[in-house]
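Undergrad: Sharing a structure with you now.
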Amino acid sequence: MSHAEAPLGLRERKHRRTKAAIQRAAAELTLETGFQGATISRIAARAEISPRTVSGYFAGKDEIFFTDVPDLMGRFSAFMADGQGGAVDRIEQWIAGEADRVRADKAGLDEAERAQEGELRGLIHRAIVSDPELRAKEAQLFESLGAGLAAAFAAEAGLAPTDFGPQLFAATTLGAFGEIRARSMPGQEELGLDDIRVALDFLRAGAATLTAKGGAKAS
């Protein structure tokens, strides 16, 4: 077993178990009573910890459901702004980086722990989908990525970010992300690398068409 695959220490395991217990309690309560009904005190009682502990792990209820999203979005924005190649090349680089990050994060987990994390991810997703307020929050978070997508493609195509082509590219990319995310949940048919490549090829073909259309219009 390599150093990267060594089992997690007791402190890290306790931290992950407590965090997971909070997220599970919040998701279950949201499915039962809605996001508004899932108060910090109820979440703490369900997880059998104190409200102060909940607040120590998460700054607010939103963060319980979207704890990793700000960092993920930050990494994505950095790739779109400073990555190599065209817009789709940068998306591909970001996907590869995130895949490596996920593998590294799960390296110290045994098979049962990985299954539990996957089941929890699906539970959180169901809670978000079930609640209008959480759905709106998720849409707001991911729609903010559209500006970076449009800007990256606009620079590549010689267009303005607000032009039709960059806006269509951004909307299509976000739609592809949403479909991939939904199909990566437990109980769905698992997506493979070939499926990801199909999505990237689709985006490349669309980008080429939009670039050609934009160039012809500009000329």
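Quick note: the coordinates plus some simple rules give every number you see, no bench work behind them. Keep in mind that this is a model prediction, so the values were computed, not measured. Note that we place each Cβ from the backbone using ideal geometry, even for glycine, and neighbour counts take in every protein chain shown.
Undergrad: Can you show me the helix-derived [θ] at 222 nm for the chain, built from DSSP H runs with n ≥ 4 at -39,500 (n - 2.57) apiece and divided by the number of residues, rounded to the nearest 500.
TA: Calculated from helices alone, the mean residue ellipticity at 222 nm is -25500 deg cm²/dmol.
Undergrad: Can you sort LYS106, LYS14 from fewest to most other Cβ atoms within 10 Å of each residue's own Cβ?
TA: Listing LYS106, LYS14 from fewest to most nearby Cβ atoms yields LYS14, LYS106.
Undergrad: Quick one: length gained pulling GLN84 to ALA115 fully straight, 0.36 nm per residue minus the C-alpha distance?
TA: Roughly 7.6 nm would be gained on extension.
Undergrad: Here is a follow-up. Would you calculate the separation in nanometres between label points at ALA208 and SER41, each defined as 7 Å from the Cα along the Cα-to-beta-carbon direction?
TA: For ALA208 paired with SER41, the spin-label model returns 6.2 nm.
Undergrad: Next question, about the same structure. How large is ³J(HN,Hα) for each residue in the stretch 70-78, as worked out from phi by the Karplus curve 6.51 cos²θ - 1.76 cosθ + 1.60 (θ = phi - 60°), to whole Hz, x for Gly and Pro?
TA: Result, rounded to whole Hz: x, 5, 4, 5, x, 5, 5, 4, 5.
Undergrad: Starting from the Cα of GLU12, step 7 Å toward the Cβ, then list every residue of the stretch 104-120 with an amide N under 15 Å from that point.
TA: Hits in the stretch 104-120 for GLU12 at 15 Å: 104-111, 113-114.
Undergrad: Would you calculate the separation in nanometres between label points at ALA96 and LYS19, each defined as 7 Å from the Cα along the Cα-to-beta-carbon direction?
TA: 2.7
Undergrad: Run the simple label-point estimate for ALA171 and ALA107 please: 7 Å along Cα→C-beta, distance reported in nm.
TA: Reported label-point gap for ALA171 and ALA107 is 4.2 nm.
Undergrad: Now, a different point. Please work out which option in [x] 66, 45, 30; [y] 56, 46, 25; [z] 59, 44, 39 gives Cα extents along the principal axes in Å calculated from these coordinates, and answer with its label.
TA: Step by step, Cα extents along the principal axes in Å for this structure corresponds to label [x].
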